[in-house]
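To keep things clear, I will list the structure first and then write my remarks on it.
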Amino acid sequence: MIQLYHVYKQYPGDAPALIDVSLTVAKGEFVFVTGPSGAGKSTLMRLVFCAEAATAGQLLVFGRNVAKIKPSHVPPLRRAIGVVFQDFKLLHYRTVAENVAFPLEVRGLPVKEVRRRVGAMLRSVGLELKADKFPLSLSGGEQQRVAVARALVGDPALLLADEPTGNLDPDRTVEVMELLHAANARGTTVVVATHDRSLLERYKKRVVALERGSVIADGAEIRKVGMA
Amino acid sequence: MSALRRPVYFLRRALDAMARGPRVTVVATGTIFVAAFLTGLFAGALQGAQKLVAAWAGEVQISVYLDPSADLEAARAAAAAAAPGRVVEAVTAAEALRRFRETLGPQGALLDGLKPGVMPPSVEVRAPGIGLAEARALAKRLEAVPGMREVDYGSAWLERLERLLKQLRWAGTALFSALAIGSAVLVANTLRLGVFARRDEIEIMKLVGATDAFVETPFLIEGMVQGVLGGSLASAALLAAAALTLPRIGAALGLVAPIARGDLLPPALLVALVAGGGALGTIASALAVGRELKQKRP
């Protein structure tokens, strides 16, 4: 699903954000990417959904080398990837239903089909009664559930979540993580970037630890030594 | 997915965005309005000046002055042949002097004692409604009248006016180009503010897999609508200004046939202002959103 071979990312005038990162995420996996702030977690995610290009190395997503992807090939790739952010990135002037419908509108789906899928998705995240509300009238947890619904409504093969629970209290964190877990159970590959150790403890999944741009550990043993 | 496949969807999104950001819409429309109005005003003034020149040229009488020994009747016949359909009159030297005396009024007595032959005989050609170019061509033909000494159609000041008009036309073209470029930059900057305010929306659209065309289309429609609106308002304002000022201008210049509104602001010019406004808005939008999209590329 995701393969990185000796990937480097260097921002002009800055320390390297990623240094010789090599790792593989298999189809259907649930992986935590962890590390302190500035470790390169978000950069890694941004490279995978082509928000940025790697400085060097090979990065394959769905078997395609995105390190050399043409700009015109990015949109189809992104439609197969759902992305969730810490700050939700919702459109505040659009209703919950309209926010969730956005990825389907982009694909040009018929209005009826969009309504059907949005309704089903809102039911699955428990927000069917908030469909006509605007995001700012919702709690943080609800807003993140809307963001997760938007990321999942297009049935993506891959879900990337960058600190999805960073702004949430413990109860809301569990709600959101359960949604990601459920998506993974339905076959979606999930990669979650987080610095929250409690998540690593609670969900016994593979953990990739980054520090200063390098992978320092990869596997379940990280939880035991508390490297995160 | 292009706007051609989902025109209603994109139009709805464009109108929705305009309703949400009325300030940008008003400023962009206003800028295009000013540019189109100034362009139209200049073009209308040029058209009016040309019309005036043509009208004044038409009122000029072409005189063919002859040698005193010339055969006046033969000259008249030749002039009539050169100016078919025009009123041609032979004026003897005595008649010319009489008319001159009449023109001088009370001072006509000054001419007492002059011999009748002091004024040359002439052939007068009256050509109402004739254009300047046509008058010039006719004058050229009249040079072939037997016994011709000089042909006068008051050309000096008309020529000067026409030269001035030509220069104004060049200035108008330069002004229009400067206005178009200036307006495009100004409108693009205004729209960039709107695009900047909606950069989150663009980011999210790109995030969920929108193509550049999908992102751009509503912005282009917005720019076009604002441009057409600005151009239409400018056309309406020009028509109103023409309706208010033309009768006064006609009266002030003592024109026999007043300048019609359509002479100054022909439908083609008004359509061009509306279409030009639309094009300006679309180009400015394309520049503004294109820049933002370029920054979002990996």
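The values are calculated or read from the model by the stated rules, or taken from the named source; none is laboratory data. Nothing here was measured: the structure is a model prediction, and the numbers come from that model. Here the Cβ positions follow ideal geometry from the backbone for every residue, glycine too, while neighbour counts run over all protein chains shown.
Return yes or no: is A:Gly63 of a type in the set (Gly, Ala, Ser) and closer than 18 Å to B:Val215 by Cβ? Let's see the steps before the verdict.
Working: of a type in the set (Gly, Ala, Ser): yes; closer than 18 Å to B:Val215 by Cβ: no.
In short, no.
On the given criteria, is A:Val192 within 22 Å of A:Val48 (Cβ to Cβ), away from every other protein chain (no Cβ under 14 Å) and under 17 Å from the mean Cα position of the chain (by Cα)?
Numbers: within 22 Å of A:Val48 (Cβ to Cβ): yes; away from every other protein chain (no Cβ under 14 Å): yes; under 17 Å from the mean Cα position of the chain (by Cα): yes.
Yes; evaluated as a whole, the condition is true for this residue.
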Across the stretch A:73-94, which residue is nearest to the other protein chains (Cβ to nearest Cβ) among those that are in contact with a strand residue (DSSP E or B) (Cβ under 8 Å, 6 or more places away or on another chain) and of a type in the set (Val, Ile, Thr)?
A:Val83
For A:Leu104, the lone unmet condition from (1) more than 10 Å from chain B (Cβ to nearest Cβ); (2) modelled with pLDDT of 90 or more is (1)
Of (1) of a type in the set (D, E, K, R); (2) within 14 Å of chain A (Cβ to nearest Cβ); (3) without any contact (Cβ under 8 Å) to a residue 12 or more places away in the chain, B:Arg248 fails just (2)
Looking only at the stretch B:258-298, count how many residues are more than 14 Å from B:Phe37 (Cα to Cα) and not in a helix (DSSP H, G or I).
6
Hey, A:Asp132 hits all of (1) within 22 Å of B:Val215 (Cα to Cα); (2) surrounded by fewer than 20 Cβ atoms within 10 Å (Cβ to Cβ); (3) more than 18 Å from the chain's Cα centre (by Cα) but one; which does it fall short on?
(1)
How many residues does the stretch A:57-87 hold that are buried (at least 22 other Cβ atoms within 10 Å of the Cβ) and assigned to a loop (DSSP other than H, G, I, E, B)?
0
Of (1) buried (at least 18 other Cβ atoms within 10 Å of the Cβ); (2) out of contact with any His (no Cβ under 9 Å at 6 or more places or on another chain); (3) free of Cβ contacts under 8 Å to residues at least 40 places away in the same chain, A:Val96 fails just (3)
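This table checks each residue for (1) more than 14 Å from every other protein chain (Cβ to nearest Cβ); (2) assigned to a loop (DSSP other than H, G, I, E, B); (3) hydrophobic (A, V, I, L, M, F, W, C).
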site	(1), (2), (3)
B:Arg169	yes, no, no
B:Ile181	yes, no, yes
B:Arg192	yes, no, no
B:Val195	yes, no, yes
B:Ile202	no, no, yes
B:Ala210	no, yes, yes
B:Thr217	no, no, no
B:Ser235	yes, no, no
Within the stretch A:52-75, of all residues that are modelled with pLDDT of 90 or more and not hydrophobic (A, V, I, L, M, F, W, C), the one nearest to A:Ala120 (Cα to Cα) is A:Pro75
Considering the stretch B:66-91 alone, what residues qualify as being surrounded by 14 or more Cβ atoms within 10 Å (Cβ to Cβ) and either not hydrophobic (A, V, I, L, M, F, W, C) or not in a helix (DSSP H, G or I) (or both)?
B:Leu66, B:Ala70, B:Asp71, B:Arg76, B:Ala83, B:Arg86, B:Val88, B:Glu89, B:Ala90, B:Val91
Among the residues of the stretch B:214-226, is there at least one that is surrounded by fewer than 18 Cβ atoms within 10 Å (Cβ to Cβ) and touching a residue at least 60 places away in the same chain (Cβ under 8 Å)?
no
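Scan the stretch B:102-118 and give yes if some residue there is touching a Lys or Arg at 6+ places or on another chain (Cβ under 7 Å), in a helix (DSSP H, G or I), among the hydrophobic types (A, V, I, L, M, F, W, C) and over 19 Å from B:Asp67 (Cβ atoms), otherwise no. Talk me through it step by step, then tell me what you get.
Taking the stretch B:102-118 and keeping what is touching a Lys or Arg at 6+ places or on another chain (Cβ under 7 Å), we get B:108, B:111.
Filter once more, so that each one left must be in a helix (DSSP H, G or I): B:108, B:111.
Adding the requirement that they be among the hydrophobic types (A, V, I, L, M, F, W, C) leaves B:111.
With over 19 Å from B:Asp67 (Cβ atoms) added as a condition, the list becomes B:111.
Yes.
Against the condition surrounded by fewer than 14 Cβ atoms within 10 Å (Cβ to Cβ), hydroxyl-bearing (Ser, Thr, Tyr) and assigned to a helix (DSSP H, G or I), how does B:Ser177 come out, does it pass? Please lay out each step first, then the result.
Working: surrounded by fewer than 14 Cβ atoms within 10 Å (Cβ to Cβ): yes; hydroxyl-bearing (Ser, Thr, Tyr): yes; assigned to a helix (DSSP H, G or I): yes.
It is true that B:Ser177 is surrounded by fewer than 14 Cβ atoms within 10 Å (Cβ to Cβ), hydroxyl-bearing (Ser, Thr, Tyr) and assigned to a helix (DSSP H, G or I).
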Under 9 Å by Cβ, and 6 or more places apart or on different chains, what pairs join a residue from the stretch B:281-298 that is within 13 Å of chain A (Cβ to nearest Cβ) and of a type in the set (S, T, N, Q) with one that is part of a helix (DSSP H, G or I) and surrounded by fewer than 17 Cβ atoms within 10 Å (Cβ to Cβ)?
B:Gln295/B:Arg199
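I'd like to verify a number: residues in the stretch A:32-56 that are more than 9 Å from every other protein chain (Cβ to nearest Cβ) and in a helix (DSSP H, G or I), how many?
Going residue by residue through the stretch A:32-56, those that are more than 9 Å from every other protein chain (Cβ to nearest Cβ) are A:32-45, A:48, A:54-56.
Pick out the ones that are also in a helix (DSSP H, G or I) and you get A:41-45, A:48.
Matching residues across the stretch A:32-56 total 6.
Listed here are the residues, each with its yes/no results for (1) over 24 Å from B:Ala210 (Cβ atoms); (2) surrounded by 20 or more Cβ atoms within 10 Å (Cβ to Cβ); (3) within 16 Å of the chain's Cα centre (by Cα).
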| residue | (1), (2), (3) |
| --- | --- |
| A:Gly119 | no, no, no |
| A:Val125 | no, yes, no |
| A:Glu128 | yes, no, no |
| A:Leu158 | no, yes, yes |
| A:Asn167 | yes, no, yes |
| A:Met177 | yes, yes, yes |
| A:Ala183 | no, yes, yes |
| A:Ser214 | yes, no, no |
For the stretch A:158-172, indicate whether the set of residues that are in contact with a Phe, Trp or Tyr (Cβ under 9 Å, 6 or more places away or on another chain), within 22 Å of A:Ser198 (Cα to Cα) and among the polar types (S, T, N, Q) is non-empty.
yes
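When the residues of the stretch B:119-144 are filtered to those that are among the small types (Gly, Ala, Ser) and not in a loop (DSSP other than H, G, I, E, B), which remaining residue is modelled with the highest pLDDT? Working first, answer last.
Here is the first cut: in the stretch B:119-144, the ones among the small types (Gly, Ala, Ser) are B:122, B:127, B:129, B:131, B:133, B:135, B:137, B:139, B:144.
Of the ones still in play, those that are also not in a loop (DSSP other than H, G, I, E, B) are B:122, B:133, B:135, B:137, B:139.
Numbers: B:Ser122: 93, B:Ala133: 77, B:Ala135: 79, B:Ala137: 86, B:Ala139: 87.
Filtering the stretch B:119-144 for residues that are among the small types (Gly, Ala, Ser) and not in a loop (DSSP other than H, G, I, E, B), the one modelled with the highest pLDDT comes out as B:Ser122.
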